[in-house]
Amino acid sequence: MEYRVAQLEALGRFLDDKKQEILEATELDMGKHGGMGRALDMAQGIVAFQELLDDLLLKVKGSMMGSVLGWNFHDVSLQPSFEAFFSEILLCKNELNITLNNLSQWMKDEHVDKNLVMQLDSAFIRKDPYGVVLIIAPWNYPIHLFLVPLIGAIAAGNCAVIKPSEIAKNTERLVAETLSCYLDNDCFAVVTGGVPETTRLLENKFDYIFFTGTSHGTEQSLAWMWSQDLLEDLGCVSEIWWDPVPHPRAVRWLVGFPPQSMFSLPTGSSPVGRIVMAAAAKHLTPVTLELGGKNPCYVSDTCDVTNVARRVVWGRFFNAGQTCIAPDYLLCTIEMQEKLMPALREAITEFFGSNPRESPDFGRIVSDKQFQRLRALLCSGRVAIGGQTDEAERYIAPTVLADVLPSDPAMQEEIFGPILPIVVIANMDEAIDFINARPRPLAIYAFSCDSKIVNQVLERTSSGGFCGNDTLMHLTLTSLPFGGIGRSKIPSPGHWELDVIHGLSHGEKCEFLPAARNSGAGKYHGKFTFDTFSHHRGCLHRNMGLETLNTPRYPPYTQQKLGL
Ligand code: NAD
C-alpha cells in the first residue's frame with residue numbers, strides 16, 4: 001500500500017511541477033501554436049508576442065517553419081488554455097485524489113455471502129494486480145488518456161509500460177523525458193514511437209492491455225491521403241479509406257471505378273482496436289478497448305433552445321471537436337432545426353466571438369491529414385454556420401451543417417472535429433430508430449424539458465454512456481463507469497468488406513452500411529479503473545475443524561448420502 005501511495009503521490013508531483021510544460025506541450029500538440037499570438041495577446045499584448053517572435057526567430061537563425069514547429073517552447077510562457085487545464089490537469093488531479101482517498105478501502109478484501117456449511121469459513125474477493133500492463137494512448141488528450149489509466153494500474157499494484165501517442169509529439173517528448181524522474185524506473189517505463197514501435201511492443205506478453213484510440217492515426221491517414229491522391233489522378237470524386245496499411249488490392253478495385261463514381265468506405269475506431277485485440281489474443285491477454293464513436297444527440301421539440309445550444313456548442317467544439325464523446329450529430333425536427341439555428345449561432349458567438357479564428361479558446365486540428373479529412377466532410381448538407389477553413393493554420397470554424405442526409409459523408413464516420421451536422425427526423429420514435437439502426441455509440445445525448453422523453457431515449461437505446469440535457473458532463477463524474485459497448489447491435493452486411501467491393505463491375509452502384517464501429521469494451525474512471533486493473537481473485541479460507549460436516553461429500557457415495 002505504501003509503495004502504491006508513494007508512486008501515486010509522485011504522479012501528483014509530476015502534474016504540479018510540470019503543469020506549465022504540460023499545458024504548453026498539449027497546446028502545441030493540439031495545433032494551438034497557430035493561436036500563440038492570440039494567447040499572448042490576452043496575457044501580454046501584441047508587443048510582447050512580437051518580441052517573443054523576434055527572439056525565437058533569432059534563435060533559429062532563419063530556419064524553416066518546419067523546424068519552428070518542432071521547437072520545444074520551454075522558455076515560452078503561453079497563456080494556459082482552460083481546456084487543456086481542465087482535461088489534462090484538473091480531471092487527472094481529481095482522479096488522483098479520489099484514488100488516494102479511497103485506496104485502502106478499495107484494496108480491502110470483499111467478503112461475500114456464504115452458505116450454511118461455510119459459516120465458520122472466510123469467503124472473500126482479493127484484488128490482485130495483473131502484473132505488467134501496457135497502456136496505449138491517443139493524441140487528443142495526450143496526458144489525461146495515459147495518466148488516468150496509469151493511476152488505476154498503480155493503485156491496483158501493477159507495473160506499467162506507457163505508450164503515449166507519437167502524434168502529440170511535444171507531450172510525448174515531455175512525458176518520455178520527465179516521467180521517469182518521478183516514478184520507480186524498475187516498475188514503470190515510457191516507450192515512444194509510432195506504429196512500428198507499438199507493433200513490436202505488442203509482440204510481448206503483457207498481463208493486461210489498456211488501449212485508447214481510433215483509426216484516424218498516422219497510418220490510416222497516410223493510407224487515406226494515398227488513395228485520395230490516386231483517385232484524384234483517376235478523376236474520381238471521393239474516397240475514404242481506413243485500413244491501417246494501404247492495401248495493394250484496393251488499388252486494383254478502385255481503378256475499376258469510373259470517373260464520378262462516389263462511394264465511401266466508412267472509417268471508425270475499431271481497426272487499431274482490432275490489431276491490439278488480435279495481438280493480445282496471441283497471449284490470451286485481457287484487454288480494455290476505449291474506442292471512438294458517432295454519438296447522437298436528440299433534441300426534442302420541448303426544450304429551452306438557448307440552453308440546449310450552449311450545452312451542445314460547448315460539447316461539440318471543446319478541443320475543436322476532437323473529443324471521443326463529443327455530440328457527433330443532432331437529430332431534431334425541421335421546426336426545431338429552424339429554432340436552434342439562431343441559438344447555436346448566438347452560443348458560438350458568445351463563446352468564441354464573431355471571428356472564432358481570433359479566439360484564444362478555440363483550438364486547431366491536430367494534423368494536416370486530419371484537417372484534409374475534415375474539410376472533405378463540409379460538403380454534407382448545407383453550411384448554415386461557419387464553414388471557413390485555413391489550411392496553413394489547420395483552422396476549421398465552428399460549423400453547423402443543416403439538412404444533412406444519412407448518406408452524406410459527415411454521417412459515414414466519426415467526425416472528430418468542429419463540425420456539427422443536423423439530421424432532420426419527424427419525431428422521437430424516428431430518432432430512436434435512427435440511433436438503433438446504427439452501431440452502438442460511446443455516448444447518447446437527449447435534450448428535453450420533459451423528463452419522460454429523456455427517459456424514453458435512455459430506455460429504448462444502447463450506448464457506452466448517456467447524458468440527459470447536457471453533453472460531456474457524465475465523463476467528469478468518477479462515480480460513473482466510462483467506456484464503450486461491444487460490437488454493432490445490427491448485423492452489418494458486407495458493409496466495408498473489400499471482398500464485396502471486389503465483386504462489383506464497372507459502374508455498378510454500391511451502397512455501404514456504416515461499418516461495425518465499435519465504441520469499445522471495458523470501463524474505467526474512479527474505482528472502475530482500480531477494478532479494471534485488478535484481478536478479482538475468488539478466495540475461500542476454510543476452517544480446519546468440524547470435519548464431520550465434510551463427511552457427506554466424501555466417497556463412498558452411499559444411497560443414504562444421495563438421499564435415496
Ligand atoms: P489511433 O488508434 O491512431 O492511435 C492510438 C494509439 O495506437 C497511438 O499510441 C498509436 O501509436 C497506436 N497505433 C496506431 N496505429 C497502430 C497500429 N496499426 N498498430 C499498433 N498501434 C497503433 O488513435 P488516435 O487517432 O490517436 O486517437 C483518436 C481516436 O481515439 C478517436 O477516434 C477517439 O474517438 C478515440 N478516443 C477514444 C476515447 C475513449 O475513451 N473511448 C478517448 C479518446 C480518444
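If you check residue 179 against the conditions, is it under 24 Å from residue 81 (Cα atoms), of a type outside the set (Asp, Glu) and either within 11 Å of the ligand (Cβ to nearest atom) or surrounded by 24 or more Cβ atoms within 10 Å (Cβ to Cβ) (or both)? The answer is no for residue 179. Take the residues of the range 443-457 that are more than 13 Å from residue 297 (Cβ to Cβ) and among the polar types (S, T, N, Q): which is surrounded by the most Cβ atoms within 10 Å (Cβ to Cβ)? Out of the qualifying residues, it is 456.
Tally time: how many residues in the range 103-123 are within 30 Å of residue 546 (Cα to Cα), of a type outside the set (Val, Ile, Thr) and surrounded by fewer than 16 Cβ atoms within 10 Å (Cβ to Cβ)? Even if it seems obvious, please write down each step before you answer.
In the first step, residues of the range 103-123 are kept if they are within 30 Å of residue 546 (Cα to Cα); the result is 108-123.
Keeping just the survivors that are of a type outside the set (Val, Ile, Thr) gives 108-111, 113-116, 118-123.
Applying the additional criterion that residues be surrounded by fewer than 16 Cβ atoms within 10 Å (Cβ to Cβ) yields 108-111, 113-116, 118-122.
Qualifying residue count, the range 103-123: 13.
Answer with yes or no whether residue 180 is free of Cβ contacts under 8 Å to residues at least 24 places away in the same chain and either out of contact with any Gly (no Cβ under 6 Å at 6 or more places or on another chain) or of a type in the set (A, V, I, L, M, F, W, C) (or both).
On the way: free of Cβ contacts under 8 Å to residues at least 24 places away in the same chain: yes; either out of contact with any Gly (no Cβ under 6 Å at 6 or more places or on another chain) or of a type in the set (A, V, I, L, M, F, W, C) (or both): yes.
Yes: the conditions hold for residue 180.
Please enumerate the residues belonging to the range 357-388 that are among the charged types (D, E, K, R) and surrounded by 22 or more Cβ atoms within 10 Å (Cβ to Cβ).
Selection gives 364, 373.
When the residues of the range 140-176 are filtered to those that are touching a residue at least 60 places away in the same chain (Cβ under 8 Å) and small (Gly, Ala, Ser), which remaining residue is surrounded by the fewest Cβ atoms within 10 Å (Cβ to Cβ)? Checking each candidate, the answer is 157.
When 393, 413 are checked against the criterion of being modelled with pLDDT under 95 and crowded, with 18+ Cβ neighbours inside 10 Å, a single residue qualifies: 413.
Kindly provide the set of residues from the range 111-128 that are in contact (Cβ under 8 Å) with a residue 60 or more places away in the chain and out of contact with any Ser or Thr (no Cβ under 7 Å at 6 or more places or on another chain), ordered by number. Break it down stepwise before answering.
Here is the first cut: in the range 111-128, the ones in contact (Cβ under 8 Å) with a residue 60 or more places away in the chain are 117-118, 120-128.
Residues satisfying the conditions are 117, 118, 120, 121, 122, 123, 124, 125, 126.
For the range 79-97, the condition holds for at least one residue, the condition being that it is within 24 Å of residue 392 (Cα to Cα), surrounded by 13 or more Cβ atoms within 10 Å (Cβ to Cβ) and at pLDDT below 50. Against the list (1) away from the ligand (no atom under 16 Å from the Cβ); (2) in contact with a Phe, Trp or Tyr (Cβ under 9 Å, 6 or more places away or on another chain); (3) more than 30 Å from residue 449 (Cβ to Cβ), the condition residue 311 fails is (3). Looking only at residues of the range 338-369 that are assigned to a loop (DSSP other than H, G, I, E, B) and of a type in the set (Val, Ile, Thr), we find that the one that is nearest to residue 384 (Cα to Cα) is 365. Within the range 348-356, can one find any residue that is within 25 Å of residue 518 (Cα to Cα) and in contact with a helix residue (DSSP H, G or I) (Cβ under 6 Å, 6 or more places away or on another chain)? So far as the range 348-356 goes, no, none of its residues is within 25 Å of residue 518 (Cα to Cα) and in contact with a helix residue (DSSP H, G or I) (Cβ under 6 Å, 6 or more places away or on another chain). Counting the residues of the range 291-308 that are at pLDDT below 95 and either of a type in the set (A, V, I, L, M, F, W, C) or within 16 Å of the ligand (Cβ to nearest atom) (or both) gives 5.
Just the residues that are in a loop (DSSP other than H, G, I, E, B) and not β-branched (Val, Ile, Thr), please, taken from the range 144-177.
Scanning the range 144-177 gives 156, 157, 158, 164, 165, 166, 168.
For every residue, the table says whether it meets (1) farther than 29 Å from residue 318 by Cα; (2) modelled with pLDDT of 95 or more; (3) acidic (Asp, Glu).
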| position | (1), (2), (3) |
| --- | --- |
| 125 | yes, yes, no |
| 132 | yes, yes, no |
| 143 | no, yes, no |
| 147 | no, yes, no |
| 152 | no, yes, no |
| 168 | no, no, no |
| 178 | no, yes, no |
| 187 | yes, yes, no |
| 208 | yes, yes, no |
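Considering the range 192-216, the residues that are surrounded by fewer than 17 Cβ atoms within 10 Å (Cβ to Cβ) and more than 10 Å from the ligand (Cβ to nearest atom) include one that is nearest to residue 130 (Cα to Cα), namely 205.
For the range 317-337, the candidate set comprises residues that are within 16 Å of the ligand (Cβ to nearest atom) and assigned to a loop (DSSP other than H, G, I, E, B); within that set, the residue that is surrounded by the most Cβ atoms within 10 Å (Cβ to Cβ) is 326. Tallying residues that are more than 20 Å from residue 339 (Cβ to Cβ) and more than 16 Å from the ligand (Cβ to nearest atom) within the range 416-433 yields 3.
If you go through the range 345-375 one residue at a time, how many are touching a residue at least 60 places away in the same chain (Cβ under 8 Å) and farther than 23 Å from residue 84 by Cα?
Residues flagged as touching a residue at least 60 places away in the same chain (Cβ under 8 Å) and farther than 23 Å from residue 84 by Cα within the range 345-375 amount to 2.
The values are calculated or read from the model by the stated rules, or taken from the named source; none is laboratory data. In this text, all values refer to a predicted model and were calculated from it rather than measured experimentally. Cβ atoms come from the backbone with ideal geometry, glycine included; neighbour counts cover every protein chain shown.
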